[in-house]
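One structure below.
The values are calculated or read from the model by the stated rules, or taken from the named source; none is laboratory data. These figures come from a predicted structure and were not determined experimentally. In this analysis, Cβ positions are derived from the backbone assuming ideal geometry, glycine residues included, and neighbour counts consider all displayed protein chains.
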Amino acid sequence: MTVKARKVKQLNIKLPVRELSILETFTEQAERTKTDVIREFIRALQVNT
């Protein structure tokens, strides 16, 4: 059986302390990772091509 490797790239972002605090509070309350929350947000974006 052949398993395809998932292609992943890393993204580093700079956030104001307040925005990072909001993200951290949300992820702790939702018991989710920051990566998971950001990926979900990106997937929800509507892109016109």
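Worth a mention:
- Region 11-49, residues that are modelled with pLDDT under 95 and among the polar types (S, T, N, Q): Gln46, Asn48, Thr49
- Among residues of region 23-49, those that are surrounded by fewer than 10 Cβ atoms within 10 Å (Cβ to Cβ) and assigned to a loop (DSSP other than H, G, I, E, B), counted: 6
- Some residue of region 13-22 being of a type in the set (S, T, N, Q), within 11 Å of the chain's Cα centre (by Cα) and surrounded by 10 or more Cβ atoms within 10 Å (Cβ to Cβ): no
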